[in-house]
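Encoded as structure tokens, the structure appears first; notes follow it.
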Amino acid sequence: MTERKHPEKTPERSALKVNAGIEQPSSINEAAVRAFKARKPRQFSVEEYVEGILRGDRVILSMAITLIESSLKRDFELAQQIIEKCIPFAGNSLRIGITGVPGVGKSTFIEAFGTYLTARGNKIAVLAVDPSSEISKGSILGDKTRMEQLAVDENAFVRPSPSAGSLGGVARKTREIIILCEAAGFNIVLVETVGVGQSETAVHSMVDFFLLLMLAGAGDELQGIKRGIIEMCDGMAINKADGDNLNKAKAARIQYANALHLFPPPPTGWTPRVELCSAIQKTGIDQVWEMILAHDNLLKGNGHFEIKRRQQQRFSMLETINQALVNSFYQNPEVMRLMPRMEAALNEHHLTSFQAASQLLKEYFKPFGQEPPAENI
């Protein structure tokens with residue numbers, strides 16, 4: 001007996017019929033890839049970088065600074081060649097370090113100060129060092145957003161840079177960036193630090209004038225900063241000296257001036273001064289600039305300007321050597337092999353930290369046939 005199929009179950013009338021559909025597109029957008037390759041910047045030669053920097057091309061200057069900040073070996077080698085060719089055209093700027101406690105208004109002051117300088121025909125470069133997170137290693141790099149007028153000024157160049165874990169964010173890279181900015185024609189370089197702390201020593205070693213910004217009415221003025229910071233500064237400016245805070249600022253000025261006179265006079269013959277200013281109201285900026293010029297004229301007149309520059313070069317050389325030695329130690333294969341064992345021994349209280357350090361140093365010095373100096377262990 002032949003089985004009869006229901007008409008709805010025939011392929012022609014079945015409701016379950018599935019269309020073949022269309023061919024699925026590739027997961028890679030070929031058009032986007034071609035567009036990216038078309039706009040990808042080409043690699044410049046050393047000569048092209050140097051030529052662009054010397055004619056003041058900000059795009060090429062920014063690209064060269066990015067090479068300096070890069071951790072890639074090929075970028076480092078290229079950056080060093082660029083710096084070497086720019087050195088003969090550098091060294092003609094006035095380098096000013098600006099520091100102060102958090103909240104003192106460094107960025108606001110720099111914008112007011114920078115616009116004051118550019119209005120008088122100066123070309124300024126601002127190197128704003130932004131602290132890097134110890135956890136994520138990232139930086140916000142938001143200083144440029146707080147310098148809206150200066151960031152669009154054709155006679156100013158604002159470059160925020162990550163500290164990347166270096167001493168307060170200022171080290172060899174900042175010095176090298178200064179060289180490129182000077183070669184690009186900027187006659188004033190402002191270096192903003194991350195705040196009062198160890199970074200001030202590094203900043204002081206690379207600038208001609210070290211300006212300390214302070215606040216009034218924030219507690220005991222003489223306890224608000226470290227003695228070492230006062231000794232290093234070439235001048236102080238009490239910011240936010242306006243409105244109801246003006247009288248407090250005037251009183252603080254007397255206190256700071258008296259404190260400065262307690263320290264031995266510097267060998268340059270310069271007596272640090274204290275000025276009042278308001279970055280918001282843009283008052284007192286001219287007095288701060290006059291103080292910096294007076295310092296510059298004095299040091300150039302008595303020969304201490306060149307002495308200070310030579311000291312900066314020596315400090316930079318020693319700092320570079322120290323950093324290279326540190327890198328060499330931690331990248332040594334035997335040290336890298338032994339380090340986990342020493343850390344485990346420390347955790348299990350089998351060794352003291354000094355004993356562990358001694359064994360690591362002995363392993364490092366072994367290929368040189370030397371013993372580590374006992375006084376350094």
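Whether any residue in the range 323-331 is farther than 30 Å from Gly114 by Cβ and touching a residue at least 40 places away in the same chain (Cβ under 8 Å) is what I want to check. Yes. Would you call Leu360 at pLDDT 90 or above and under 29 Å from Ala202 (Cα atoms)? Here the answer is yes, as Leu360 does meet what is asked. For the range 216-242, a residue qualifies if it is modelled with pLDDT of 90 or more and not acidic (Asp, Glu), and the qualifying residues are Gly235, Met236, Ala237, Ile238, Asn239, Lys240, Ala241.
Condition check ((1) of a type in the set (A, V, I, L, M); (2) in contact (Cβ under 8 Å) with a residue 24 or more places away in the chain) across all residues:
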{"residue": "Ile254", "(1), (2)": "yes, no"}
{"residue": "Ala259", "(1), (2)": "yes, yes"}
{"residue": "Trp270", "(1), (2)": "no, yes"}
{"residue": "Thr283", "(1), (2)": "no, yes"}
{"residue": "Ala294", "(1), (2)": "yes, no"}
{"residue": "Gly301", "(1), (2)": "no, no"}
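Can you find even one residue in the range 309-330 that is closer than 30 Å to Arg172 by Cβ, at pLDDT 95 or above, part of a helix (DSSP H, G or I) and touching a Ser or Thr at 6+ places or on another chain (Cβ under 9 Å)? No, because not a single residue in the range 309-330 is closer than 30 Å to Arg172 by Cβ, at pLDDT 95 or above, part of a helix (DSSP H, G or I) and touching a Ser or Thr at 6+ places or on another chain (Cβ under 9 Å). When each of Lys73, Lys106 is tested for being surrounded by fewer than 21 Cβ atoms within 10 Å (Cβ to Cβ) and not aliphatic (A, V, I, L, M), the lone residue that passes is Lys73. From the list Val194, Val203, Val189, the lone residue that is more than 26 Å from Lys250 (Cβ to Cβ), modelled with pLDDT of 90 or more and under 18 Å from the mean Cα position of the chain (by Cα) is Val189.
The values are calculated or read from the model by the stated rules, or taken from the named source; none is laboratory data. The structure presented is a predicted model; accordingly, all values stated were derived computationally and were not measured. Note: ideal-geometry Cβ built from the backbone for every residue, glycine included; neighbour counts use all protein chains shown.
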